[in-house]
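Trainee: One structure follows; several queries about it will come next.
What follows draws every value from the coordinates through simple rules; no lab data is involved. Fair warning: this is a prediction, and the values are worked out from it, not measured in the lab.
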Amino acid sequence: MVTVYSLSALIIAYLFGSIPTAVWLGQAFYGVDVREYGSGNAGATNTFRVLGKKAGIAVMIIDIAKGYTATNLAYLIGMSVTGPQNSVVFVNYQLALGVTAVMGHLFPVFAGFRGGKGVATLFGMVLAVNFEASMLCVLVFVVVLLLTKYVSLSSICAGFTFPLSVVFLFQVSIKSEVLYGMVVCILILVTHQKNLERLLKGKESKVYLFRKKTN
C-alpha cells in the first residue's frame with residue numbers, strides 16, 4: 001500500500017543513505033576528498049587506506065547507522081499502516097527502506113551522485129532485518145579479514161553468508177527476505193568487480209588493522 005507515510009519514509013531513507021560520511025569527514029578534518037585517492041570510492045574501506053584507522057572506523061560506524069536507522073523507519077510505517085504484527089508486510093517495508101538507503105549511499109544526492117560501494121550501509125540494513133544472521137556475517141567478515149587482510153574478499157564472503165544462513169541455518173520462511181539475500185550477493189559482486197579482478201591478479205590492497213604494514 002502506497003501512502004504518504006511510506007513515500008515520506010522512502011525519501012527520508014534515501015536522504016539518510018545519501019549522507020556522504022567519508023567525503024564530509026575527509027574534507028572537514030583532513031582537507032581531503034577520499035574519492036580523489038586510493039580506489040576512488042567514498043566508503044569506509046577507502047577511508048581506512050587514505051586517512052587511517054580513526055577516520056575509517058568513524059565512517060564505518062556512521063555508514064552502518066545510516067542503513068540501520070533508515071531500515072527501522074518501517075516501525076513508523078508499520079504502526080501507521082499495517083501494524084507491527086504483520087511480519088511479512090513489515091519486513092517488506094524494512095527491505096524497501098534499506099535498499100533505498102543503500103542506493104542513496106551508492107548515488108548520494110549530497111555528493112554529486114558519486115558514492116561508495118554500500119557494504120557498511122548494507123550491513124546496517126541486515127542488522128535491522130535479521131540480527132542473528134548479521135552477527136554471523138560479522139564473524140565471517142572478521143575471520144576472513146584476519147586471515148587474508150583483504151576487505152573486499154571479506155565483504156564478499158560475508159555477503160554470501162547472509163542468504164545461506166537465512167535459508168539453511170535460520171530457515172527463514174519470508175520469501176522476500178530470502179530473495180533479498182540473493183540480491184545482496186549480486187549487488188556485492190557487481191560493486192566489487194574491479195576488486196575481484198585485482199584479487200585474481202594479486203594486486204588488491206591489504207588493510208592491516210592491528211599492525212603497520214612492513215616492507
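Trainee: Work out the P(r) tail for the range 131-208: percent of alpha carbon pairs separated by more than 22 Å, whole number.
Mentor: When all Cα pairs of the range 131-208 are counted, 27 percent exceed 22 Å.
Trainee: Which of the lysines could a cross-linker span from K66 if the Cα-Cα distance has to be under 22 Å and same-chain partners fewer than 8 positions apart are dropped?
Mentor: Partners found: K53, K54, K117.
Trainee: For the range 22-115, what's the radius of gyration and Dmax over Cα atoms, in angstrom?
Mentor: Spelled out, the Cα radius of gyration and Dmax of the range 22-115 are 16.1, 48 Å.
Trainee: I need the semi-axes of the equivalent ellipsoid of the chain: take the C-alpha gyration tensor, multiply each eigenvalue by 5, square-root it, list largest first in whole angstrom.
Mentor: Three semi-axes, in Å: 30, 21, 13.
Trainee: Related question: Cα centroid distance between the range 93-169 and the range 182-202, in Å?
Mentor: 13
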